[in-house]
Structures are given as structure tokens and as C-alpha cells.
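To keep things clear, I will list the structure first and then write my remarks on it.
The values are calculated or read from the model by the stated rules, or taken from the named source; none is laboratory data. Just so we're clear, the structure is a prediction, and the values are computed from it rather than from any experiment. Backbone-built Cβ (ideal geometry, glycine too); neighbour counts: all protein chains shown. Side chains included, ligands, DNA and RNA excluded: accessible areas come from the protein's heavy atoms. Shrake-Rupley method; radii C 1.70, N 1.55, O 1.52, S 1.80 Å.
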Amino acid sequence: NMKKLYAILFAGFLSFGLIAQPVAKVGLNMSTLISKDAQYENSTYNAGYFGSVGYKINMGDVMSFTPGLAYSVRGAASEYDLSFYDPIFGTLLYTYTYTMKSNIHYLEVPLDFAFNINESIGIIVSPYYGMKLGETMSVEYEDENGNTQELTVDASLGEDDAYSNSDFGIGLGVSYVINDNLMADARFTMGLMDIRAEDDHDDHDHDHEEPASIKNIGIMIGVGYAIGN
């Protein structure tokens, strides 16, 4: 009868919960933006970071599934030279090298599927969805005295947003179980949707020209701790 069915299902969920562990993870997010737009031709990797919490569900010895919630900083860096010349003789006076960084702050929902090769090593496939929390732009340069200066601007409010409010992509990588509680993983992440701001698309529509897409890519290296076991 139905009461027995509910009892069996409830017992199944309880036993399922016994092989699940809360997991906290922190790590480095080396990210950049790819686009055919000339603005991004000098883009290099920008060192960001991420932190996440999840619930690792072990499905026997074959695989595990870890849905989670992460705070992640993505973006890109570009390096430029700015030269100043003598207005009379035309000789080079000095050159500033400055780095411009765009940081995009996301709240992400990663869904990690780990397929175990052996007791220690697994292959990770991880689709994720990201909701943008804000944007910051920074310029880093050396002044006349050789001191490094940095100017940061919050670009997360108003009509100056360069990027859309959401992102979707997939991560592929490897995981390594250090012991019952400690683990590490490295993955390559690739955005699958154009994150150029909607307003930018609208502006180009008036010119009957479709702008080049912008996508996130990155390398994430993290260390996790599983509670329990």
C-alpha cells in the first residue's frame, strides 16, 4: 500500500544521505575573455579566486555528484605601453607600462559529476550557471619613482556595465582524493554563452551590425575539505 511505499522511499532517502558529505572548497581562478573584437586581442589571464560550498553525493565506487554554490571572480587582464616624447626634439622621454584588469564577480551554481578512474583519481564534468553580482575595472601602473599604483573603479551600477547579468558554461578536469576529507581538483572552464551587455547589442542593432561575442574561459585549481566520514 501507499504507506509502505512512502516508508521505503523515506528509508531510501535516509540511506542516501548517509553517503553524502558537505564540502567546502577554495582556490585560484585564472581567467580571461575571448572575442574577435579588437578590444580583446591583448587579453591575458587574470588571477582571481573562488570559494564554494557543496554537497558531495557518492554513488558507489563509480562516480559522485556534487551540486554547489560558489563565489567566483572571472575577467581578463591586458597590458599596454604608453610612451611620452619630447615635443621639440621628438626623443622618447619615458614609457609607462600599465595593466588594465576587468573583474566580473559571479554567484555560480556548479554541478560536479566526478567519474572515478581509481580510488584517488577522477574525471570531472561540471556544467555551471553564473549570476553576475558586479563588475570592477582596475588599472595598475608604475609611477616615475618605480612604485606600483592601482586605481579601481566600481562599474557594477548604472548604464556602464560591459557584461551581461548571467553566464553558462561547462568545466572539464581531474580530481584527486588526498584522504577521506581532503581533495584537490583542476579544471578548464569554458563559457558557452555571449556575455556582452544587452545594451551593447541594442546599440549595434541600430547600425545593422552584430557585435563580436565575448566568452569566459579559465583554469580553476582548488582544494576542498569534506566534513564527516
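A few notes on this one:
- Placed amide H near residue 163: partners under 5 Å, 5+ positions off or other chain: 197
- Residue separation of residue 178 and residue 69 scaled by 0.36 nm, minus their Cα-Cα distance, works out to 37.0 nm of gained length.
- Rounded percent of accessible protein surface that carbon and sulfur make up, the range 16-141, 1.4 Å probe: 65 percent
- Approximating the spin labels as points 7 Å out from Cα along Cα→Cβ, the residue 121-to-residue 45 distance works out to 2.1 nm.
- Backbone phi angles across the range 186-191, fed through the Karplus curve with coefficients 6.51, -1.76 and 1.60 (θ = phi - 60°), yield HN-Hα couplings of 9, 8, 9, 10, 10, x Hz in residue order; Gly and Pro are listed as x.
- Residue-span extension gain [residue 149 to residue 168] - 0.36 nm each, minus C-alpha spacing: 3.4 nm
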